[in-house]
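Reviewing the structure listed below.
What follows is calculated from the coordinates using simple rules that are stated; it is not laboratory data. Quantities reported herein were computed from a predicted structural model and do not represent experimental measurements. Don't worry about glycine lacking a Cβ; one is built from the backbone with ideal geometry, like all the others, and counts go over all protein chains shown.
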Amino acid sequence: MTDTQNLTLVQAVRDGLHSELRADDDVVVMGQDVGKNGGVFRATEGLYDEFGGDRVIDTPLAESGIIGTAVGMAAMGMRPVPEIQFSGFMYPGFDQIVSHMSRFRTRSRGRFTLPMTLRAPYGGGIRAPEHHSESKEAFYAHEAGLKVVVPSTPYEAKGLLAASIRDPDPVIFLEPKLIYRAFREEVPEEPYTVPIGEAATRREGDDVAVFTYGAMTRPTLEAAETLGEEGIECEVVDLRTVSPLDREAIVEAFEKTGRAVVVHEAPKTGGLAGEITAILQEEALLYQEAPIGRVTGFDVPYPLYALEDYYLPSAARIEDGILEAVEF
């Protein structure tokens, strides 16, 4: 029987980093305050003491430099895991991401892969100031050559992070900080992986398929449980990876129910809900019984404290979206 630990999501991230550092000398962790300080959310706490400053590297506050340095290290065969302190700080490094990180395999005609995993806490709900709460995963999902992973549980945070670090190609690993310490789960002590590109069905149901990921998985399940008591059975699908999307799982759930709602905290326009809707229109139109609903953030700059709870999809707003699809 496998020994487990009862971990929060951020502790599972730290455990995953520890396992991969211990297993592979080519893995290095780098970023602002990740070393001696243990990271702003303590995701790297203790790693510096165990592995030293050559493998847990404190960098200057220069996002373009952090990502660009990691690109060079990965091109030379290492497996760097750079951290950007908040996803809203990734924009100064955007050129490195789209011009170099995503294109290296293609540019070199397969001669070089780029095994690097760019970690960043993302999303809102923690009463943070400007540039600390963005949910812009669609930026990166749009870029060919990148995988984009968003865990929703401690178990999957460790397993998906290990799979990302071991992957030969670059991964953007977005950690929903709203649920960093929201709950605990049994996580195996030994290393393991969760496959990239495979969705997970969190709840079975025949009436409507609800697609979500990251921090929005919990309020979606809460809404589904409430509606279940009223006789509406929701199939809740946690995408886990937003690039590549698990098209097969998305289509299968829709064919089963004929109705769908997509939930994410990113703004509606240009969000992943539009892409999921397009997949269903292209591949399962004849199964459709109602317009596909979208319960998302709003097309405005992320608000500060007073309106933050209104901006994020709540269980009540998700329930309303599901009911609209079911009652059409």
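Can you list residues whose amide H is under 5 Å from His142's amide H, if they're 5+ apart or on another chain and H is modeled 1.01 Å from N?
Here the answer is none, since no amide H 5 or more places off falls under 5 Å of that of His142.
Running a GNM on the chain with Cα contacts under 10 Å, which residue among Ser64, Ser87, Ser108 ends up with the highest mean-square fluctuation?
Ser108
Once both labels are modelled 7 Å past Cα along the beta-carbon direction, what's the Asp58-Ala316 spacing in nm?
Modelled inter-label distance: 4.6 nm.
Could you tell me whether the range 29-96 comes out rounded, prolate or oblate from its Cα gyration tensor? Rule is a ≥ b ≥ c as square roots of the eigenvalues, rounded for a/c under 1.5, then prolate if a/b exceeds b/c, otherwise oblate.
Because a/c hits 1.5 or more and a/b fails to exceed b/c, the range 29-96 counts as oblate.
How high is the relative contact order of the chain, in percent, counting Cα pairs under 8 Å that sit 6 or more residues apart?
Numbers: 745 pairs, mean separation 53.4, N = 328.
Relative contact order, the chain: 16 percent.
If we count every other residue with Cβ under 9 angstrom of Tyr122's Cβ, Lys/Arg +1 and Asp/Glu -1, where does the sum land?
Values: positive: Lys136, Lys177; negative: Glu134, Glu137, Glu175.
Taking every other residue near Tyr122 into account, the sum is -1.
I want to check the label-to-label distance for Asp49 and Phe298. Put each point 7 Å from Cα in the C-beta direction and report it in nm to one decimal.
About 4.6 nm separates the two model spin labels.
Quick query: amide H of Arg79 versus all other amide H atoms, modeled in the peptide plane; which residues come in under 5 Å with a sequence gap of 5 or more or a different chain?
Result for Arg79 returns Val27, Val28.
Share of antiparallel DSSP beta bridges in the chain, in percent to the nearest 5? Before the final figure, lay out each step's value.
Numbers: 9 of 39 bridges.
Among the beta bridges of the chain, antiparallel pairing accounts for roughly 25 percent.
Among Leu9, Gly228, Pro129, pick out the residue whose Cα is farthest towards the positive end of the charge dipole of the chain, where Lys and Arg carry +1 and Asp and Glu carry -1 on C-beta, about the Cα centre.
Pro129
Tabulate in residue order the Karplus-calculated ³J(HN,Hα) for the range 238-254, using 6.51 cos²θ - 1.76 cosθ + 1.60 with θ = phi - 60°, rounded to whole Hz; enter x for Gly and Pro.
Values per residue, Gly and Pro as x: 8, 5, 6, 10, 9, 7, x, 6, 7, 4, 4, 5, 5, 5, 4, 5, 5 Hz.
In nm, give the distance between the simple-model label positions of Phe328 and Tyr305, each being 7 Å from the Cα along the Cα-to-Cβ direction.
Between Phe328 and Tyr305, the simple spin-label model gives 4.0 nm.
Between Thr201 and Arg184, what length comes free when the chain is fully extended (0.36 nm per residue of separation minus the Cα-Cα distance, one decimal in nm)?
On the way: separation 17, 0.36 × 17 = 6.12 nm, distance 1.96 nm.
In short, 4.2 nm is gained.
For the charge dipole of the range 139-184, defined by +1 on Lys and Arg C-beta atoms and -1 on Asp and Glu C-beta atoms about the Cα centroid, which residue among His142, Ile172, Phe183 has the Cα displaced farthest towards the positive pole?
It is Phe183, whose Cα lies furthest towards the positive end.
Return the sequence-ordered ³J(HN,Hα) values of the range 138-153 in whole Hz as given by the Karplus equation 6.51 cos²θ - 1.76 cosθ + 1.60 applied to θ = phi - 60°, using x for Gly and Pro.
3J(HN,Hα) across the range 138-153, in whole Hz: 5, 3, 7, 5, 6, 8, 4, x, 10, 9, 10, 10, 9, x, 10, 9.
Among residues other than Ala74 whose Cβ falls under 12 Å from its Cβ, what is the net charge (Lys/Arg +1, Asp/Glu -1)? Walk me through the numbers on the way to the answer.
Working: positive: Arg79, Arg105; negative: Asp26, Asp167, Asp169.
For residues surrounding Ala74, the net value is -1.
Could you give the size of the charge dipole of the range 58-217 about its Cα centre, using +1 on the Cβ of each K and R and -1 on the Cβ of each D and E, expressed in debye and rounded to the nearest 20?
Values: 17 positive and 20 negative charges, 111 e Å.
Using Cβ point charges on Lys, Arg, Asp and Glu, the range 58-217 gives about 540 debye.
Grab the other residues whose beta carbon is less than 13 angstrom from that of Gly38, score K and R as +1, D and E as -1, and report the net.
Details: positive: Arg14, Lys36, Arg42; negative: Asp33, Glu45, Asp49, Glu50, Asp58, Glu83.
The answer is -3.
Using +1 on the beta carbon of Lys and Arg, -1 on that of Asp and Glu, and nothing else charged, what's the dipole of the range 197-252 about the Cα centre, debye to 20? It would help to have the intermediate numbers written out before the result.
Numbers: 5 positive and 14 negative charges, 79 e Å.
Result for the range 197-252 is approximately 380 debye, rounded to the nearest 20.
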